Amino acid sequence: MARPRRRRLAWALAAALTASGAASAACATYSDRTEAARAAVSAGDLQGGEKAVNKLLKVKRSDDLPTKWGSETGLTVLERAMILHALGLYKLSARDLQAAEKQLELLDIARDGAGQIGKYVFSDSATKYKAPPSEKLTLNAINMINYLALGDLSGARVEAKRFTVMRRYFADYDPEHAHGAFGSYLAGFVHERLGEDESAIRYYEEALQERGFEHLRAPITRLAARTGFTGPRVRDFLGETPDASPGAAQAKPPEAEILVVVNVGRVPYKVPERIPIGAAIGLAHTYITGDTRVLEHSAFKVVVYPELAPSGAPFEQAKLTVDGQEVGLELATNLEAEVVAEYEELRPKIIGAAISRLIVRAIAAEGARAAGKQSKESPNLVGFLAAAAVEGAMVAADRPDTRSWTLLPARVYLARIPVRAGHHTLTVDLQGPGGRERRKAEIDVPAAGFAVLDVTSLR
């Protein structure tokens, strides 16, 4: 009789482990739910990506905002905003970005001394999404492009102000790192076009903190002469004694101007990743809460946590010609590198949080094991089954938080071209390991005015 009884217990164990695995698989992560949208845009089907995101938002058209906002609705609206931006639907994109921004909180990496952010990133997908610095600052920068493309300098100025509030916060609490050169460049352009010279050159001073922009040399020279501004980065850029001659001060902007923005690639996104317990402990020992020895009895010998995966986007660079003449594009920001750097700083904390959760599960399982051993019939096996069932159920209920803005461009290139007023032909060649793609645009630029060409490839 003992053998059939043990066989039934073995079947029960298999059923418990299978059920926990099935339950775990049923808990789709954010990256799982947005996979259809990413696949569509990767294939060049922006409308298909738009449709997939609208399905997640439970709306029929992009004209509609969600009626209910859950823990990740704001993030999903950001995904749609990027698709709308790539489609050239700048007004709808701007509306989405502003609506989503109101729903987002900040993932304050700079002030996380105790590793609490690691716990949030690992397992708090039920709470409202918190955007890291790279996403918060890029949101306002992209929206400045939306308004500039619409010719709405007032709207762009509002976004510049929002960008400034966030950038100053990071400058105060994380002064060792430069933040938001891309946004500072655009904010400077907005204020320069509004005739607000002092504000414009101060934004350019911020932009120069990360890299030199050769296309800004003439504008900064004019502004420095007119305002007398001599910030340290402007001095280094123009030389110790910027030209303050009357001629320089009275120099006028070009007859007309084209601002070109090229967004290529996509940033890495988060997926569930498995790592052996031993390796995980070695990576995150400082941020582990609890006694890891209890894991020796665990039936689950791996840690599951959110890891970055490459987007596989085919394009990395771009080449620009204006009226048949090649014009150099300057890298304004490498968002891919920023996202990776942010994540590398958090990885030990995230894995530490995952291990700490494992320890809690193992302790609960040990309690079930002890209770099962009170059984008169095969106490060791009953205890093991009870422990496995408890731990398996907790594993199934626990999942890594893979939320992130998956449709952000990996790199942003800028060019600022003085031109004569009138008609111009621009060609942008996107290049990368996946081949080439050409975009062509015909643009009319008003006298003493500007035009914006935005080329965004989400492939």
Problem - Condition met for residue 198 (of a type in the set (D, E, K, R), in a helix (DSSP H, G or I), surrounded by fewer than 24 Cβ atoms within 10 Å (Cβ to Cβ) and touching a residue at least 60 places away in the same chain (Cβ under 8 Å)) - result: no
Condition set of a type in the set (Lys, Arg) and at pLDDT 90 or above, scope the range 91-135, selection surrounded by the most Cβ atoms within 10 Å (Cβ to Cβ): answer is 95
Residue 143 vs (1) surrounded by fewer than 17 Cβ atoms within 10 Å (Cβ to Cβ); (2) at pLDDT 95 or above; (3) under 27 Å from residue 168 (Cα atoms): all pass except (1)
Heads up, the strands (runs of 3 or more DSSP E) in the range 298-341 (entirely inside) with at least 1 residues that are surrounded by 19 or more Cβ atoms within 10 Å (Cβ to Cβ), of a type in the set (Phe, Trp, Tyr) and within 25 Å of the chain's Cα centre (by Cα) are 302-309
Residue 407: passes all of (1) in a strand (DSSP E or B); (2) out of contact with any His (no Cβ under 7 Å at 6 or more places or on another chain) but (1)
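Considering only the range 146-176, state which residues are among the β-branched types (Val, Ile, Thr) and either at pLDDT 95 or above or within 18 Å of residue 451 (Cα to Cα) (or both).
Here is the first cut: in the range 146-176, the ones among the β-branched types (Val, Ile, Thr) are 158, 164-165.
Across the range 146-176, the qualifying residue is only 158.
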Counting only residues that are part of a strand (DSSP E or B) and within 25 Å of residue 139 (Cα to Cα), the range 258-286 contains a total of 10
Reported set for the range 8-54 where residues are more than 20 Å from residue 129 (Cβ to Cβ) and modelled with pLDDT of 55 or more is 39, 40, 41, 42, 43, 44, 45, 46, 47, 48, 50, 51
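The values are calculated or read from the model by the stated rules, or taken from the named source; none is laboratory data. Note that the structure is predicted; figures quoted are calculated from it, not measured. Backbone-built Cβ (ideal geometry, glycine too); neighbour counts: all protein chains shown.
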